[in-house]
Amino acid sequence: MKHSGDPWTASGMKVSNKQHEAPVRDFLEAIIDQPKAHAKFLNMLSMLEHMGSRKIMVSQMDRGDVLSQDTLQHLAEEARHAYFFKRHAERINGAPMDGWLDANTMTRVPALMYFGRMDAGISKRVGNDDAYGWVSLIIELRACWLYGIYNDVVERADFHLPLKGLLAEEDHHLAEMFEMCGENHDLLKELSAYETSLFEKLWSALEGEFSSTVDNREAA
């Protein structure tokens, strides 16, 4: 079912996140010049993508539904995105980064809390039966917003991180989830604002850890 408007206008996400664009861009521009920290950041993105793919699998299997081809494709692509970020993290790191540990994953615990609280909060608001679509829609808004800025940063810096294909898939997922859930614009704005409040806490933790890493490096 087609809904009026587009997910960005309906959610108000870009408008409400306007003040975060410059700090996020500054962070990404700085971190690509710090290979070890950059690798840990990419490994965090890998972990979040893995959690997203697992959310799809568990939520759909728990309902006892027959997984549709579209849902299986979404699951497969999110798992592949986790692999993409892990592969490039290890390339930049120059060594394996098995699993997602405090030692190899930037802000591992805050990232887990971000995803867990978002999932739980949205599920409580919309009910478990509708959680897959709504959680996915809110995640895709954030992913497309962040990866769009990230792609612009790496292209301007001529840094090898081919995000365009991944971003195209996330854009497609966003359109699918908006078609599934986007009729209630008021609820979409509410849930997007809730996610933004959680994202602000995660990004503050990222900036703090990265700043500490840079300070320690300079002190050494």
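Here are the numbers for the structure shown:
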quantity	calculated
All lysines inside 25 Å of LYS40 as judged from Cα atoms, apart from same-chain residues fewer than 8 positions distant	LYS55, LYS86, LYS164, LYS201
C-alpha long axis of helix 185-219 to longest principal axis of the chain, angle in °	10
Packing rank of 100-106, 15-21, 122-128, where each peptide gets the mean count of other beta carbons within 10 Å, highest leading	100-106, 122-128, 15-21
Ellipticity estimate at 222 nm from DSSP helix runs (n ≥ 4, -39,500 (n - 2.57)) divided over the chain, nearest 500	-27500 deg cm²/dmol
Pairwise label distance in nanometres, ALA168 with LYS201, each label 7 Å out on the Cα-Cβ vector	3.7
Assigned charges on the beta-carbon of Lys, Arg, Asp, Glu; the chain dipole about Cα centre (debye)	400
Farthest positive-ward along the stretch 1-144 dipole, Cα basis, beta-carbon charges - from ALA103, GLY121, PRO7	ALA103
Tilt relative to the chain, helix 164-181 - C-alpha long axis, 0 to 90 degrees, to 10	30
Those lysines that a straight Cα-Cα span of less than 17 Å connects to LYS189, excepting residues fewer than 8 apart in one chain	LYS14, LYS18, LYS124
In nm, spacing of pseudo-spin labels at ASP152 and HIS20 (7 Å Cα→C-beta vector)	1.5
Sites ASN184 and LEU101 - FRET efficiency at Förster radius 45 Å, r taken between beta-carbons, to 0.05	0.70
Relative contact order, percent, the stretch 7-214 [alpha-carbon distance under 8 Å, six or more residues apart]	32
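Throughout, read-outs are computed from the coordinates displayed, never taken from laboratory work. On a predicted model such as this, the values are computed, not experimentally measured, just so you know. Every residue, glycine as well, gets a Cβ built from its backbone with ideal geometry; the counts of neighbours run over all protein chains shown.
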